[in-house]
Amino acid sequence: MRVYTRRTCLGTLPVPGQIPQIVGLWPPYLILAVDRPAIVDCPLAGWPPPTKSWNKDSEPLSNSSRLTVFANGSLSFRSVTMKDSGLYECEAENVHGFTAPRSINVTVACE
């Protein structure tokens, strides 16, 4: 078993916690409506809380005028477009390790 530590004014202390894990449901695919806002959650949690990131078709996503990655790991689309279809992956990492990316296939449909 690996024990992680951190330095404090009291010396070196162990950091309790766990590798990020899946919590809740994670569907294999999702259908989003074009020209509508949407939020996709990343159901990964751990202790200490992990840093979460998103990829689309193997390319990292970052905040833009259309997309926002919130601190809790949710991915928000201001207005979904047909170009938003693709394979999305959420991954999480903390001092104890990281998860394999969780994939979701997103399809955009006209209403």
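The values are calculated or read from the model by the stated rules, or taken from the named source; none is laboratory data. Only a predicted model underlies this, so the values are computations on that prediction, with no experimental measurement involved. No Cβ is skipped: glycine too gets one built from the backbone with ideal geometry, and neighbour counts run over all protein chains shown.
Overview of values
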{"read-out": "Single residue of region 74-103 satisfying the filter (closer than 19 Å to TRP26 by Cβ and part of a loop (DSSP other than H, G, I, E, B)) that is modelled with the lowest pLDDT", "value": "ALA100"}
{"read-out": "Residue that is modelled with the highest pLDDT [pool: residues in region 6-24 that are closer than 19 Å to PHE70 by Cα and out of contact with any Lys or Arg (no Cβ under 9 Å at 6 or more places or on another chain)]", "value": "GLN21"}
{"read-out": "Criterion violated by ALA71 - all others in (1) assigned to a loop (DSSP other than H, G, I, E, B); (2) of a type outside the set (Asp, Glu); (3) surrounded by 14 or more Cβ atoms within 10 Å (Cβ to Cβ) satisfied", "value": "(3)"}
{"read-out": "Residues that are of a type outside the set (D, E, K, R) and touching a residue at least 60 places away in the same chain (Cβ under 8 Å), drawn from region 55-102", "value": "ALA92, ASN94, VAL95, HIS96, GLY97, PHE98, THR99"}
